[in-house]
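Notes to accompany the following structure.
The numbers here are math on the coordinates, done by the rules we state, and not lab data. Since the structure is predicted, the reported quantities are computational estimates derived from the model, not experimental observations. No Cβ is skipped: glycine too gets one built from the backbone with ideal geometry, and neighbour counts run over all protein chains shown.
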Amino acid sequence: MKKALIICAGGMSSSVIAKKTTESLQGNGKEIQVDATSQSQGANTIAKDEYDLYLVSPQTKMYFDSLEKSAKKYNKPIVNIPPQAYVPIPMGIDKLSKVILENIE
């Protein structure tokens, strides 16, 4: 199973989005799990090298460069989540699922 991690300001809104996105992906036959963590834990979580893709939430995009350096140490992709893909409604979940499918290895 592939794993993606959303890195968010506090990890609260992203937890809801991660759960809904996992349900959508798995409901469509994709073996992908999406989890969430806070920005303060982002680099530490990346260092554990447990995920195949890292996703930076719109409200934490100012940390993208430092998180990208961490991800590159482990040769893992990291992308900014477009704002329209960061809403817990079907349209947003579909857009986030597409971002994940386009970037996960």
- Query: Calculated from DSSP H runs of 4 or more alone, at -39500 (n - 2.57) each and per residue, what is the 222 nm mean residue ellipticity of the chain, nearest 500?
  - Reply: -14500 deg cm²/dmol
- Item | For ILE6, distant residues with modelled amide H under 5 Å away | ASP35, ALA36, THR37, LEU55
- Starting at the first residue of the stretch 65-71, write each ³J(HN,Hα) from the Karplus equation 6.51 cos²θ - 1.76 cosθ + 1.60 with θ = phi - 60°, in whole Hz, x for Gly and Pro. 4, 5, 5, 5, 4, 5, 5
- Item | the stretch 13-25 - phi-based ³J(HN,Hα) in whole Hz, Karplus 6.51/-1.76/1.60, Gly and Pro as x | 5, 5, 5, 5, 5, 4, 4, 5, 5, 4, 4, 5, 4
- For the stretch 87-97, what does the Karplus curve 6.51 cos²θ - 1.76 cosθ + 1.60, with θ = phi - 60°, yield as ³J(HN,Hα) per residue in whole Hz, taken in order and with x for Gly and Pro? 9, x, 10, x, 4, x, 4, 4, 5, 5, 4
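Suppose every K and R has +1 on its Cβ and every D and E has -1 on its Cβ; what is the size of the dipole of the stretch 2-103 about the Cα centre, in Debye to the nearest 20? If you can, show how the numbers build up before the last one.
Working: 13 positive and 10 negative charges, 18 e Å.
In total the dipole reaches around 80 debye.
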- So what is the relative contact order for the chain, in percent, with contacts set as C-alpha pairs under 8 Å and at least six apart? 32
